[in-house]
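Okay, structure first, notes after.
The values are calculated or read from the model by the stated rules, or taken from the named source; none is laboratory data. Since the structure is predicted, the reported quantities are computational estimates derived from the model, not experimental observations. Cβ: placed from backbone, ideal geometry, glycine included. Neighbour counts: every protein chain shown. To get the accessible areas, we keep the full protein, side chains included, count just its heavy atoms, and leave off ligands, DNA and RNA. Shrake-Rupley method; radii C 1.70, N 1.55, O 1.52, S 1.80 Å.
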Amino acid sequence: MSSQRPHADVPGMKLPPARTPDPASAPPLRWGLLGAGWIASEMAFSLQGTSQQVVAIGSRDLGRAQAFVGEHAPGARAHGDYASLVADPHVDVVYVASPHSEHLEHALLAIAAGKHVLVEKAMAPTAGEASQIVAAAREAGVFCMEAMWTRFLPHIDVLRQVLDSGILGEVSTVLADHSIPLWPEGPERLASPDLAGGAMLDLGIYPLSFASLVLGGISSAAGLGSLTDRGVDRRLAFVVQGPTGAVGSLATDMSASSPTTASVNGTWARLELDSMFYQPTTMRLVGADGVVLDEMVGDPIEQHRGLRHEATEVALRVAAGETESPVMPLDESVRLLAVVDELLSPLRAGAGGPTGPCADR
């Protein structure tokens with residue numbers, strides 16, 4: 001790669017158009033939502049106006065499932081248990097929208113019923129459980145994917161193209177954070193060890209996945225953090241390194257708010273992603289001299305319906321007879337959780353100090 005920086009007036013120093021498929025024209029699938037909580041309602045709302053159809057809702061409480069149907073999915077069938085949801089012959093794909101602690105059981109239930117499955121991020125509390133889901137899906141020959149919706153958004157597609165084009169020069173660092181005050185006054189699922197609570201699986205997985213995308217994987221990681229009084233991770237600051245030697249500085253905290261921005265910094269230029277970087281947002285291409293070369297403005301409509309893009313990916317892959325997505329590969333989901341395991345294990349053991357390097361991957 002030449003060490004000479006391209007000038008700002010070079011035509012190539014522009015952001016390309018997004019190649020994101022139109023959710024309204026994707027092959028139709030019939031969706032069953034396993035869980036009737038907030039994220040399930042977000043999916044139901046996001047699928048409105050697309051080619052996808054929510055046909056069934058499952059909850060351990062039939063009344064709750066019926067209330068969900070009335071509010072979010074008129075015409076869908078309400079199931080008072082998960083076994084009947086996955087057995088519903090009208091369901092093509094199951095969206096697992098239960099707490100992290102239940103993902104393994106519920107994903108395996110859907111896979112055993114022969115259903116394609118989209119598992120809410122993080123795929124599981126540990127890499128070991130994620131590996132079980134992946135192995136079961138591959139053996140059954142059904143489609144399976146972690147619902148890391150950020151990877152399918154238009155501005156992230158543009159980011160991928162920029163990285164492939166090389167116009168940033170040599171990527172050197174990635175900066176990203178995600179902190180929201182969801183503890184101690186937030187949902188029980190984040191506070192409870194029994195529900196695999198904590199900041200990392202719910203919030204920190206976003207900057208980690210983003211860094212892995214940019215760096216081409218994670219070779220090593222180390223961090224510092226602390227636990228809540230109930231023993232789940234409250235905050236974590238961590239650094240990662242990719243196979244080329246580029247590094248990422250990342251952080252998450254569920255007891256405070258942060259800018260929740262990101263940047264990808266190269267020797268010629270950088271990309272700046274506004275808050276919230278993991279949602280549809282504004283992204284700028286900035287020269288090494290600080291001059292803004294181009295800008296992609298976030299779509300307000302997309303900010304409320306962004307989950308539709310991951311559903312579109314599922315529909316396209318299933319229609320093509322594929323069983324996983326190259327945009328969010330199953331092995332990548334497992335590898336990222338292996339990094340999470342190594343970052344969190346010293347904290348869970350009560351060390352509270354440096355988490356140490358993780359093994360090369």
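Working value for the chain: equivalent-ellipsoid semi-axes of 33, 25, 18 Å, each the square root of 5 times a Cα gyration tensor eigenvalue, largest first.
Restricting segment 146-190 to GluC sites (Glu not before Pro) that sit in a DSSP loop and have at most 11 other Cβ atoms within 10 Å of their own Cβ leaves E185.
How many angstrom separate the Cα center of segment 18-64 from the Cα center of segment 184-232? One Cα centre to the other: 26 Å.
Model label points for S257 and A18, set 7 angstrom from Cα along the Cα-to-Cβ axis, are 2.5 nm apart. Per-residue Karplus couplings for segment 161-168, computed as 6.51 cos²θ - 1.76 cosθ + 1.60 with θ equal to phi - 60°, are listed in order as 5, 4, 4, 5, 6, x, 6, 7 Hz, Gly and Pro entered as x.
The Cβ shell under 10 Å around G225 holds other residues with a net charge of 0, Lys and Arg each +1, Asp and Glu each -1. Seen from L175, the other residues with C-beta closer than 10 Å to its C-beta sum to a net charge of -1, counting Lys and Arg as +1 and Asp and Glu as -1. The GNM of the chain, with springs linking C-alpha atoms under 10 angstrom apart, assigns the highest mean-square fluctuation among H100, H304, H155 to H304.
Distance from the Cα centroid of segment 268-293 to that of segment 79-141 is 37 Å (rounded to whole angstrom).
With protein chains left intact and a 1.4 Å probe, residues in the chain average 40 Å² of accessible area per residue. Rounded to the nearest 20, the size of the Cβ-charge dipole of segment 74-144 about its Cα centre is 160 debye, with Lys and Arg at +1 and Asp and Glu at -1.
Compute the acute angle (0 to 90°) between the alpha-carbon long axis of helix 205-215 and the principal axis of greatest extent of the alpha-carbon atoms of the chain; round to the nearest 10°. Approximately 50 degrees, to the nearest 10. Over all other residues within a Cβ to Cβ distance under 10 Å of A127, the charged ones net out to -2, with Lys and Arg as +1 and Asp and Glu as -1. Run through the DSSP bridge list for the chain and note the antiparallel percent, rounded to the nearest 5. In the chain, approximately 55 percent of DSSP beta bridges are antiparallel ones. Which percent of the accessible heavy-atom area of the chain goes to carbon and sulfur, probe 1.4 angstrom? The nonpolar share, carbon plus sulfur, comes to 53 percent.
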